[in-house]
Structure formats: C-alpha cells, structure tokens
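Colleague: Could you have a look at this structure, given as structure tokens, before my questions?
The values are calculated or read from the model by the stated rules, or taken from the named source; none is laboratory data. Given the structure is predicted, the values throughout are model-derived calculations rather than measurements. Here the Cβ is made from the backbone with ideal geometry for all residues, glycine too, and neighbour counts use every protein chain on show.
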Amino acid sequence: MSPLHLCLALSAALFCTGLVAVLIRGNAILVLLGVELMLNAANLNFLAFWRFGPGGGEAGLVFVLFSIAVAAAEAAVGMALVIAVHRHLRSIRIADANRLKG
Amino acid sequence: MTTLLAVLALICLAPAVAAVLVRNLIHSALLFVLAWLGLAAFYLALGAEFVAFAQALVYVGGVSMVALFAVLLTRPGRTDLLPPPSAARAVGGLAAASLVASMLASSLFWSRLPSMEPTAPIPLRRLGELLAGPYLVAVLLVGLILTVALIGGLLLAAPRRPAEGGDA
Amino acid sequence: MILAVAPASPADAWLERAPLLLRDALTGWLPDALRPWVSALLSIAVILGVFGLLFAYMTLAERKLLGRMQNRPGPNRTGPFGLLQPFADAIKALTKEDIVPRAADRVLHFLAPVVLVALSLLGLAVIPFGRNLVAVELEAAVLYFFAAGAATELSIFMAGWASRNKYSLLAAMRALAQLISYEVPLLLSVVPVVVVAGSLSTTGIVAAQGGWAAGIWPHWHALTPWGFSAFAVFMIAALAESNRSPFDLPEAESELIAGHLTEYSGFKYALFFMAEYLGMAALSAMAVTLFLGGWQAPLGLLEFVPSYAWFGVKLLLLLLGFIWIRATFPRLRIDQLTRLSWKFLVPLALVNLLNGGFWAATADWSGPAAAVRWLVSALLVVVPFVALARSLAAGYGPRTYRYAPS
Amino acid sequence: MLHASHLWLIPALPLLAAAVGAAAPRTARRLPVALALGAIIGSFLLSLAALAGALAAPAAKLTANFTWFWAGSTAVRLGWLLDPLGALMSVLVCGVSVLVFIFSTAYLRDDPRLGRFFTCLSLFVAAMLGLLVANSLLLLLVCWELVGLASYLLIGFWFERPAAAAAAKKAFITTRLGDLGFLLGLLWLFHATGSSLFYDGGAGVLEGGALERLAATTLPGGWTAATGIGLLLFAGAVGKSGQFPLHVWLPDAMEGPTPVSALIHAATMVAAGVFLVARVFPLMAADQGLGGVPVHALTAVAVIGSVTALLGALLAVAQTDIKRVLAYSTVSQLGYMMLAVGVGAWEAAVFHLITHACFKALLFLGSGSVIHAAHHEQDARRLGGLATRMRFTYVTFLLGTGALIGLPLVFSGFWSKEAVLHAAELWPVSHLPFLAGLAGVVLTAFYMTRLVSETFLGRARGDGAAHAHESPRAMTLPLAVLAVASVAAGWIGTPAWPWLQSQLTGAPVAAHGLAEGLGLMILSTVLVGAGIAAGGWMYARSPRADDRAPDPLARRFPGVFAALAARLWIDEFYAATVGRLLRGAAALAAWLERWVWGGLVSLTGRVAETTGEVNRAIDEDGLNTGFDRASDGLRDAAQRYSRAQTGEVQGYLRAVVVGLAVLALLLVWGGVR
C-alpha cells in the first residue's frame, strides 16, 4: 500500500466521518464541525497529490492554504448564524429550524 | 514513511470517529480539535510544514475557539448531553454515508495509481514568492472574503441593538 | 523537522562555544545515527531544567518585588533571603491532597493542566537562545510558535468547563473571548517583522537584526518606529495571552475567586502556575527574538560577552517588566478588554503592517532619503495612535473623586 | 496683466460662490456670505489685472473666441473680449459690489434668508461680469437675461410683501418687452452677418466688412439694416436701463432691499443698457447718412435719452419716498448717458456712467443707512433732523449729493455731466436734447436739495427718526470709500486731462484745456446754483413742522405737484391699455381652453373609458373562467407536491447524498467510462 493510497484512504474515511456527523447529529454546531472535517479531507487529497502526484506545480499546496482560510471564514459565519438562530428559536437543533419564518 | 503515516492516520481518524459518536457536546468538540491536530501532524509528515502549522493555528486557535464559544453561548441546558439522534435519521444517515463510503472505497481500490517518488518539499521562500506572485489575486480575494466574513459574523451575532456586543 | 547537529565553529570565543563543546563531549561517543536524537533529548532536558529553575525563581522574584512595591518584605524566612522558598512551595504542592469535585468531568479536569504545561513548553523549542543554541531549526518557526501557543487557552477552557462551577465557566468564556480578541493583534504585530526580515525562521530574524548603524545603533526592530509600535502591541497582546494582569480576567481572584483555578488544588494547581510562567517566559523570549535582536549584543565592543548571556539578560528584563506591570495596573473589565483589542490594537497593528511594508520597500534608501524613511515611518506610527486614542477617549474626561466629608 | 483667454475667471468666481451657496444647507447662514465676499474680492483683483492688460494696449481688441456648437454647417461661436471699456466697467462693478456686500452684511444681519440674499447677489455679479467681458452678442444676451433674473429674485427678496412681489413681476415683465427687441435684433444680426462675435480679427460684426454690409443693405422705408438692428438692440437697452417708455419698473424696484437698489438699480445693471449701446456703438453709428432718412438709430437714442432725463428729473421732484426720489434721479441720469451716446459721445456716456455709479451707490447706501437707523422708515416726511444724529451718514450723503448735482470743479458729477452737455451742445442735429439736459440740471439740484433738507434738516417728525443713531462700522466704511470715489472719480476725465476718453477711444484725445466749454461750465454752475437756491428757499429755510404739513411746492402749484406725484399717470395709462389688452387675451384663451379644447379632450377620454368597460366585461365573463380552472388545478398539485417540503435540512442532504452516491456507483461499477 503506497503512501498515496494511504492518504486517499484517510481522506475518504475522514470525509465519510464528517458526512455522518452532518447527516445524523442534530446539533447545528456539530454539523458545522462535520463540514469542517469534510473540508479537511478534501485538503488532504490536495496535499497527497501535490506530494505523491505526477509532480509539477505547487498548486495543490497553495490551494490548501486558501481552502483553510476560507474554511475559517465559513466557520466564523456559520457559528454567528447558529447564535442568531438560537436567539430566535431558543434552540440549535437543526430539526427545529424548519420554517422560513423567523 | 508509510508506517509513520499510518500511525498518524489512526491518530487523526480515531478522535474524529469518536467525536461523531459521543453524546457530550463539549467532548465531541474537543475531540474534533484533537482530530485536527492529528491532521496537522499528518501534513507535517507529508512535508508540508507551513500548511501543517497553518492548520494548527487556524483550527486549534481559531475554529475550535469559535465553536466552543458558540457552544457556551447556546447551552442546551444544565447538562451538555445531547438527546440521542432519532432512529430514522440515524439509519438514513448511516445508509447514505455508507453508500458514499463504498463508492469511495471502490473507486480507491479499483483505480490503480502509479506509486511515484515523493516530490521534494518546496522551500518556504518559494511558497511566499508563489503567493505574492502568480497567486496574488487569489490571496487578495481570500483576504476580502475573510474581512466580509468577519463583519458579517459580527452583524449576525450582534444583538438587535448593535450598540453593545459589537465586539467579542 | 530536520534534527541537524550544528558543529561549533572555532571562530567563536571559548565561552561562546562552551555549550556546543559540552554537547559534543557528551554525545561524541555515540554512533552518528543516534547523535541527533540524543542531542535533541539533551536540549529538551536543558530547556526543562533552565526554565524550571527560571519558573521557581520568577515566583520568588515576583513575590518579593510585589512585596517591596507594597512595602512588605515578601517571603524571607526559608533559607537566606527566602531563597529556598520555591522549593518549599513545590514540596507543599506535591504533598497536598488533590481534590476533584464530584460533578466534575474527571478526564478533562485531569487533562487541562497537563496539556497546558505541555503546550506552553512547546513554544520554547524554536527559540534561538544563543548563536547556535536552537533546539529545532524550523523554516516556519514563528508560525509554529504561535500554532503551539494558540492552544493554551483551550486547556484553560477545558479546566474551566470541566470544573462544573459557574465561576470557572465564566472564566472559561472570558478566556475564549480574550483569546479570540488578542490572537489577532498578536499575529498582526508579528507580520511586519516577518515582512522586513524576509524570513519566518527565528534564526533568520535574529540574523536580520545583526550589525549596528553608525557602530552604536543596533539594527534591532524595536529601535525602528514601526518595530517599536509592533513591539508595544505585541507585549500588550502577550500580557493578555498569558492571562497576566491587567488582563487576568479568567483568574480574577477578587471577583471570580480564581476562576478556572477554583476547583484545582495541590499539584495540578502548581502545574497551572508553572504553565503561566512558562508561557510568559516563552512569549518574552519570542519578543526578544523578534524585536530585541535575540542574542545580539547591543554594542560591538560588548560582543565578547557570550550570546546566550545577552539573551538571558533581555529575557529577564522583559519578565521583570511583566511583574512591574502587574504591580502597577488595575484589572480591565471584559468589555474594556475586547474594545481595547478590536478598536485600538487591531487597527494600530494593521496600519503598522502597512508601515512594515513601506520599510521593507524602502530598504535601499540612504542618506537624506533615510531620514525621510524614518520620518514617514514615525508619522505612520504616531498619527494613527493619536487619532485612535482621541476617538476612543472621546467622552471620558479626567476622573474626579469626591471624598466623604471627615 | 490678464490674458483674454483667462477672462472667464472673473465671472466664474462669483458663479461658483453662487452655486455653492445655493447648495449650502439653510442653517449655514455665514457660509454663502463668506463665499460671496471671497469670490467678489478675487474677481476684483482679477479685473484689476485685466484692466492693466487692457490699458497696455487700449486700441487693440484682445479677444479669445471658441466654438460653442455647430448648427448645421454654421458654427455658433462665443468669446471673451478684453478692451478698456469692458475692463473699466468690470473693475467698477467689482469695486461697488465689494462695498455693497460689506454694507449688506450689516444691513441684513438679522434677516433669516441672509444666505439666499448673498447667493442671489453673487449670481447677479457673475452674470454682470460675464456681460461685461462677453465678446459675443449671444453670450451678452444670455448674461443679460441672467442679470434680469437675479434682479427679479432680489427685488422680490421680501416676497411676503405683496408690493415686493408685484414689483418683481413688473420689473421682469417690463424688461422682457425690451429684451424681445434685443432678441429680434440679435437674430437679425446673426442672419445678416452669420456671426455674433463683436471682434473676430476682421470678421466680427463691429468690424469693417460687416458694418459696411449692414450699412449698405437698405430696407423699404429707406432705413438701413444697421439702423433697424440698432433700434432693436436699443429697445433692449431701453427696457434694461429704464428709459422713457419702459421706465416704470425702476421706481417700483425700490421694494427690494436697499443694497440691491444701490448695486443693481443704481450702479450696475441699469447701466448695462448704456454699456450695450456703447458696446455696439460702431454698429449704430455705421449709417451716418442723415440725408432723407426719417429716423436714425443714434437720433432715436438721443431723443429717448433727453426725454428720459427730463421726465425722470421732473418726477423725482414730487416723490416723498427717499428711495423713489433716488430711483427717478437714476432714471434721469441714465437718460443723460443715453443722451450722450445718442449724440455720439459714448466715451462721455461711459464717463458719466462710472461717476454716476460711484455717487448713486453712495446715495443709496446712505439712504439705506438712514432707513436702517430709522427702523425702516423711508418716507422723507416722517424723517428729518438726522443731520445731528447721523453726522457721518449726513456728510457722506452731502458729498454724494454734490457729486450728483454737479457742484463745480471738485465733484466728479460736474466733470462727467459737463462732458455730456458739451457733447450735446455740439450735436449738429438739434439743440433740444441740450436744452433738456440743462433743464435737468436745474431740477436735479432742486430735488436733491429738497431731499436732503427734508431728510436731515429740521427736527425729527417720527419716532423712527427720533431714535435714530449712527449705523455700524460695516455700513459707514463703504460710505466713506464711496464718498472719496464720488469726489475723485471725476478727475480722470477733465477737459484738461481727458485720460479716460483717450483710453476708451484708444486714440489720444487732445486736451483742450478748461478754456473751451468754459461758458458751458459757468452756465451749468449758475443753473445748479439756481436749483439749490430754489430748493433751499422752499424747504431748508423753514423745514416742515410735522408729517401732516403739506409740501411747500404743493401749496404753490397744487395741480402740477399732484400730476407729478401721480407720476403723470403713466402707470395707469399702461394698466388701462396694455394691461387690459392682455387681460382680454387671457380671458379669450381661458374660454377656448375650457370649452373647446377641454371638450375635445374629455370626449376622447369618455370614448376610451367606454371601450375599457366593454373589454372588462368580456374578460370577466368570457376568458377568465377557463384560466381560473387551470390555476386551481395547478394550486392543488402544488399543495400536494409541497408536502415533500419539510424544511428538514438534513433530510434534503440525505436525499442529495444518496442521489450522488448512486450516480457515482453507476459511473464506477456500471462501467460508464
């Protein structure tokens, strides 16, 4: 099993874990964290192919940096949204936020 | 090399799985942090020093803080134990996730990847030149996005009267 | 992480080489495969020992200095001038009963202090204590340092939350707010240094500060306008990061009955104590590295003094500054704290970033142009400072006290 | 030294001030004032520079022309003209404006609309200066109308007073009548010469070729085009500077604030007519052939001027309102100027214009000072005894009076009027204008004496005058400056040293010492003395006891006085003829509108209405039912479908993921490569 395979397997596993978190956890915060985890899995793919891929181009590395930055922004906004939702509904269960009326 | 990577992979996968499964909100948040740290270590082993440290800094220093802060601001109740997910949702979710998992696994094992020599890690200065050179526009855009996100976060999380709580 | 074994260059003075010679003497007989690891272990041991002692005597110094500043003698019973006081304290802490509240989250309650100490030690790995004395030579050392330091407040949160105590929880929230607020100016104040020095590695930054202008004016960053401003911001943010007064809101003895430390006793408490001082020392060491020229001597003719001695002197000065500030300033309120960060330090640091960019861009100006360069840079520091200060101080007149009629 | 191509700066500054002042918020009262003062001072300096540039080469007409737009193939060109006439006038306008502005700051200090006042004033000054430096009749007309607009705004500044509003309308409409002639003349000129530029390096309308052409083309009736155009343009001048048929608006214009009267209706705007005639003098003088020509432009000018001079002086005699007296005196002085132009001595006219601007501005500001001090009491009968209370104003007013009636040898008015009369005397056509001028001299002396003694001598006949006190510094300072000017301004054009004339004409005028025209001087001096004596004997000897007491003149000649006091019923005459005509026309138009056109319009509307009714009926009963059924079905379907819309985000996500996974599995295992 080559390191590349290992990386891809890990990223796949992480992705699925995050997906599960997104799908079955009721708490909005955990869902957001799951999304973060999925993003990380994607980053891992980029790095893996940058390192073990067919050479050429640091684009993978650079892209990971950008994706981390954007992930941070996404987390900040997401948490802010969670807080705002909580102020409205007094709850952060996603199932409760099923109406468009605020 | 591979063994080291494997160990690190386990170190970063175990807490992630645990984080998804435990019922205590704070615990799972902290476990997520642990998973991210493990991932940072994995990056380090991959030779991506800068990315690894950036990962640690952003996720452990930033995202986890925000997440924990949100948790504290929106305490469900006396205890942080969450109600167990409803059976239907759990089953459906697991089914869907397993589908994806099988897909990924199949594509992984059926596709024969040529195992190549690892390319040499690039010196930090080169990375800096890349960011300041060809990727400059992207860097500026990301900075813009971050600023907007910060302001938007403030506006969203601020109480109706922006006079107070505008900071923090 | 390449563990290299830097050979002692014979050019240096004997004292300068002493540590390396000692290391070689200790590891000389080992096979080459092992030598890097053993020397790494050695440096870890040295750091632990030195900074452990430093911690011990910092506590003593703090207590004595505070005592003097408050017209008390301070501890002076154990040993000559109370010099053995730290060890007495250590023994006491070790032998005390370790109490864990029943409702507490045992795991986190146990993990918090351990993680804290570990994290605050991590940062020291990349500090160049002397010309060749750096445990781990990293390309992105600065980034590493802050990545490691970022996690400290996390353990404070763990402690505060795990104690299941409302004061501790408040402390945890404050800790988070404080970190989120002060991580930003801390990093922003470092960026100009990186820009100007053109390197993220601590040794590179120290090397960039070598030499003297006109033989007497060291090229330390703190001695340039932008550097001074960055230094000030860095130190303030460092105070907040290490929970030192006037920013010690998480452990506010007077209002939160020691906050996250409420439910800790015995050795765990000692660990927290230790972590605080280690973090303080680490940040001060970083400040010395980034702004005060690291181990560089202030004057050319003083170079015969070994570099690590210079480093030690600067470090001690900064630490004493910490103590002095603690003895001087009252504690801030949480809203004042955050406002200070977001409305004052962050804009200042941002302008300073611009300033650093200007400085780096005009590196080749000389003669009268250099004067212009200094002038512009100074203006870029003073004008925003005055403007921000005025806008923030608007409405706060000088405070008037009304005394009760006697 | 200012180059011609930079002349536009002079009007641009006040225009800018006016624009900013107009945009400024109502609360910022000081801002427009500061702007206006700064701008006008800047323009003053600029025009001084321009004057220096003009005097460097008096004969040369320095122009800077540019194409405004192309109408078909013919370019409509505008331009700036720098010559001693324009430069002197602009210096004069700016100088007087500066003083009047300073005066106004004190005079209108408590007025809530101070800012608006100064904005309008700046607009006026801008337009006036533009008028002076314009090198194109078209541009001049534009500025001309702008000046009229500003005058309208300022006369009606206190529009709460119905009198002021009416006066503003009257001024505007009356001057429009003249401007119609102006416009026609402009069009004719443009049609005839294809250019509206005065001087264009030989191609201008005031230069050789065009003039010869105009003088050559004759119309039915033996007139030449030059005469026709000249008369039309002169109509504009008549309207603007209140010459005889259209003089009625000027006295009413005194409803405006006194500084406005001083600046616009004494010093500058009303002189614009004279300036216009002087500017286009070559055109008017183009056709000198008097043989068999029934009327000739300059002759008309001279006649109108002399009539106005006499009439104004006559009407001034019987007025009781200070400002009205001064207004009629302005009318008559303008008549003198027109007279001078008419007899061909346009430089004398300009000379008199300059001196008159100085001392009439002085007189108006002085009366303003009096009115201000006497709490807006401007009826001479209820004033009096102010000589002791307002010594400074009194002295300056006396100086102004001396200049106006032309006391010999020192006062400016003497020299300028002497120049006018001298020219009139030498006019070959007729001596009537000369005699009218002499009569005017007597009357001027008489009514000014009357005014002074009624206002300042005797004892206070009203509590307004009783509690009067000297005006603040900001008002007395301009008085002082103007007093000096109105004494000294005459020395630049004495027969002994005709500097002004030579600069204006651009050719050195022989200094024909004081000897020549000495007889005329003595004569006019005697006449002035007679006028003063008569006035003094009637009014100053025994000042009226109280405001009820009848006017001494009325006691002696009641009929004449009544007629004069009623202004010879000219206004009533206009009201009876022109006004009635217009009213009838308006009534007719209204009738047509209401019954004929209105009927048509409402008929069309009714038709459209009925069609709409029919359409609606068809829609509702015919088409809609089908649509309703269709949309009902759609709604039900949507309701049934929307059950799937639970709002459960994770539910959606689950569906998405399953779909994605199935798709991907198909791709991978289904061998779809």
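Colleague: State which residue is nearest to the other protein chains (Cβ to nearest Cβ) when the search covers only region C:141-168 and only residues that are over 19 Å from B:V58 (Cα atoms) and surrounded by fewer than 24 Cβ atoms within 10 Å (Cβ to Cβ). Working first, answer last.
Modeller: Applying the first criterion (over 19 Å from B:V58 (Cα atoms)) to region C:141-168 yields C:159-168.
If we keep only those that are surrounded by fewer than 24 Cβ atoms within 10 Å (Cβ to Cβ) as well, we get C:164-167.
Numbers: C:R164: 10, C:N165: 13, C:K166: 11, C:Y167: 14 Å.
Within region C:141-168, the match that is nearest to the other protein chains (Cβ to nearest Cβ) is C:R164.
Colleague: Could you check region D:34-81 and list, in sequence order, the residues that are surrounded by fewer than 22 Cβ atoms within 10 Å (Cβ to Cβ) and within 17 Å of D:S104 (Cβ to Cβ)?
Modeller: Listed by number, the residues that qualify are D:A34, D:L37, D:G38, D:I41, D:F44.
Colleague: Name the one entry in A:L65, A:L61, A:L39, A:L10 that is closer than 29 Å to D:V658 by Cα, part of a helix (DSSP H, G or I) and facing chain B (nearest Cβ under 7 Å).
Modeller: Working: A:L65 fails: closer than 29 Å to D:V658 by Cα; A:L61 fails: closer than 29 Å to D:V658 by Cα; A:L39 fails: facing chain B (nearest Cβ under 7 Å).
None of the others qualify; the one that does is A:L10.
Colleague: State yes or no: is D:R567 crowded, with 16+ Cβ neighbours inside 10 Å and on the phi > 0 side of the Ramachandran plot?
Modeller: yes
Colleague: Before we move on, is C:V184 surrounded by fewer than 20 Cβ atoms within 10 Å (Cβ to Cβ) and more than 17 Å from the chain's Cα centre (by Cα)? Steps first, answer last, please.
Modeller: Values: surrounded by fewer than 20 Cβ atoms within 10 Å (Cβ to Cβ): yes; more than 17 Å from the chain's Cα centre (by Cα): no.
Criteria not met by C:V184.
Colleague: Regarding C:W359, is this residue within 30 Å of C:A281 (Cβ to Cβ) and not basic (K, R)?
Modeller: yes
Colleague: Need a quick list: helices (runs of 4 or more DSSP H) entirely within region C:298-406 having at least 2 residues that are under 23 Å from C:V206 (Cα atoms).
Modeller: C:307-328, C:346-361, C:368-393
Colleague: Taking the options C:W212, C:W226, name whichever one is surrounded by 24 or more Cβ atoms within 10 Å (Cβ to Cβ), among the aromatic types (F, W, Y) and more than 26 Å from C:Y57 (Cβ to Cβ).
Modeller: C:W226
Colleague: Can you tell me how many residues within region C:367-406 are closer than 24 Å to C:V194 by Cβ and among the hydroxyl-bearing types (S, T, Y)?
Modeller: Final tally of qualifying residues: 1.
Colleague: Could you go through region B:79-90 and let me know if any residue there is within 14 Å of chain C (Cβ to nearest Cβ), at pLDDT below 75 and within 30 Å of C:T202 (Cα to Cα). Steps first, please.
Modeller: Initially, region B:79-90 is screened for residues within 14 Å of chain C (Cβ to nearest Cβ), giving B:79-81.
Of the ones still in play, those that are also at pLDDT below 75 are B:79-81.
Those left that are additionally within 30 Å of C:T202 (Cα to Cα): none.
No, there is no match, as no residue in region B:79-90 is within 14 Å of chain C (Cβ to nearest Cβ), at pLDDT below 75 and within 30 Å of C:T202 (Cα to Cα).
Colleague: Criterion first (assigned to a helix (DSSP H, G or I), at the interface with chain B (Cβ under 7 Å from one of its Cβ atoms) and under 26 Å from B:I151 (Cβ atoms)) does A:L33 satisfy it?
Modeller: Working: assigned to a helix (DSSP H, G or I): yes; at the interface with chain B (Cβ under 7 Å from one of its Cβ atoms): yes; under 26 Å from B:I151 (Cβ atoms): yes.
Yes: the conditions hold for A:L33.
Colleague: What residue, of D:L92, D:L81, D:L88, is farther than 18 Å from D:A22 by Cβ, modelled with pLDDT of 85 or more and not in a helix (DSSP H, G or I)?
Modeller: Details: D:L92 fails: not in a helix (DSSP H, G or I); D:L88 fails: not in a helix (DSSP H, G or I).
Selected residue: D:L81, the only one of D:L92, D:L81, D:L88 that is farther than 18 Å from D:A22 by Cβ, modelled with pLDDT of 85 or more and not in a helix (DSSP H, G or I).
Colleague: Taking the criterion of being part of a helix (DSSP H, G or I), touching a residue at least 12 places away in the same chain (Cβ under 8 Å), touching a Gly at 6+ places or on another chain (Cβ under 8 Å) and more than 9 Å from chain C (Cβ to nearest Cβ), would at least one residue in region B:34-42 satisfy it?
Modeller: no
Colleague: Let me ask something additional. With A:L23, A:L6 as the choices, which residue is in contact with a helix residue (DSSP H, G or I) (Cβ under 6 Å, 6 or more places away or on another chain) and either under 23 Å from B:V51 (Cβ atoms) or among the hydroxyl-bearing types (S, T, Y) (or both)?
Modeller: A:L6
Colleague: Just to be sure, is A:G78 touching a residue at least 40 places away in the same chain (Cβ under 8 Å), surrounded by 23 or more Cβ atoms within 10 Å (Cβ to Cβ), within 16 Å of B:A67 (Cα to Cα) and within 14 Å of chain D (Cβ to nearest Cβ)?
Modeller: In short, yes.
Colleague: For region C:351-367, indicate whether the set of residues that are within 14 Å of chain B (Cβ to nearest Cβ), in contact (Cβ under 8 Å) with a residue 12 or more places away in the chain and under 24 Å from the mean Cα position of the chain (by Cα) is non-empty.
Modeller: yes
Colleague: I would also like to ask the following. If the requirement is being away from every other protein chain (no Cβ under 14 Å), surrounded by 10 or more Cβ atoms within 10 Å (Cβ to Cβ) and more than 30 Å from B:A97 (Cα to Cα), which of these qualifies: D:G598, D:G626?
Modeller: Result of the check over D:G598, D:G626: D:G598.
Colleague: Moving on to the next point. Kindly indicate the residue of region C:223-257 that is assigned to a loop (DSSP other than H, G, I, E, B) and within 12 Å of the chain's Cα centre (by Cα) and also nearest to C:A151 (Cα to Cα) among those meeting that condition.
Modeller: C:S242
Colleague: When you look at C:S284, is it touching a helix residue (DSSP H, G or I) at 6+ places or on another chain (Cβ under 6 Å) and outside any helix (DSSP H, G or I), yes or no?
Modeller: no
Colleague: For region D:426-463, what are the residues that are under 31 Å from the mean Cα position of the chain (by Cα) and of a type in the set (D, E)?
Modeller: Passing the criteria: only D:E454.
Colleague: Hey, does region C:206-222 have a residue that's under 18 Å from the mean Cα position of the chain (by Cα), within 14 Å of chain B (Cβ to nearest Cβ) and of a type in the set (A, V, I, L, M)?
Modeller: No, that holds for no residue.
Colleague: What's the number of the only condition in (1) without any contact (Cβ under 8 Å) to a residue 40 or more places away in the chain; (2) not in a helix (DSSP H, G or I) that D:G242 fails to meet?
Modeller: In the conditions (1) without any contact (Cβ under 8 Å) to a residue 40 or more places away in the chain; (2) not in a helix (DSSP H, G or I), D:G242 misses (1) alone.
Colleague: Residues in region D:510-518: is at least one assigned to a helix (DSSP H, G or I) and either touching an Asp or Glu at 6+ places or on another chain (Cβ under 8 Å) or among the acidic types (D, E) (or both)?
Modeller: First, the residues of region D:510-518 that are assigned to a helix (DSSP H, G or I): D:518.
Checking the rest, the ones that are also either touching an Asp or Glu at 6+ places or on another chain (Cβ under 8 Å) or among the acidic types (D, E) (or both) come to none.
Looking for residues that are assigned to a helix (DSSP H, G or I) and either touching an Asp or Glu at 6+ places or on another chain (Cβ under 8 Å) or among the acidic types (D, E) (or both), one finds none in region D:510-518, hence no.
Colleague: While we're looking at this one, here's another question. Which of the residues belonging to region D:369-398 are touching a strand residue (DSSP E or B) at 6+ places or on another chain (Cβ under 8 Å) and either hydroxyl-bearing (S, T, Y) or buried (at least 24 other Cβ atoms within 10 Å of the Cβ) (or both)? So that I can check it myself, show each step before the final result.
Modeller: Keep residues of region D:369-398 that are touching a strand residue (DSSP E or B) at 6+ places or on another chain (Cβ under 8 Å), which gives D:378-380.
Answer for region D:369-398, where residues must be touching a strand residue (DSSP E or B) at 6+ places or on another chain (Cβ under 8 Å) and either hydroxyl-bearing (S, T, Y) or buried (at least 24 other Cβ atoms within 10 Å of the Cβ) (or both): just D:A380.
Colleague: In region B:1-14, how many residues are over 16 Å from A:S11 (Cβ atoms), assigned to a helix (DSSP H, G or I) and not hydroxyl-bearing (S, T, Y)? Talk me through it step by step, then tell me what you get.
Modeller: Just the residues of region B:1-14 that are over 16 Å from A:S11 (Cβ atoms), to begin with: B:1, B:3-4, B:7.
Imposing the further condition that a residue be assigned to a helix (DSSP H, G or I) reduces the set to B:3-4, B:7.
From what's left, not hydroxyl-bearing (S, T, Y): B:4, B:7.
Summing the residues that are over 16 Å from A:S11 (Cβ atoms), assigned to a helix (DSSP H, G or I) and not hydroxyl-bearing (S, T, Y) in region B:1-14 gives 2.
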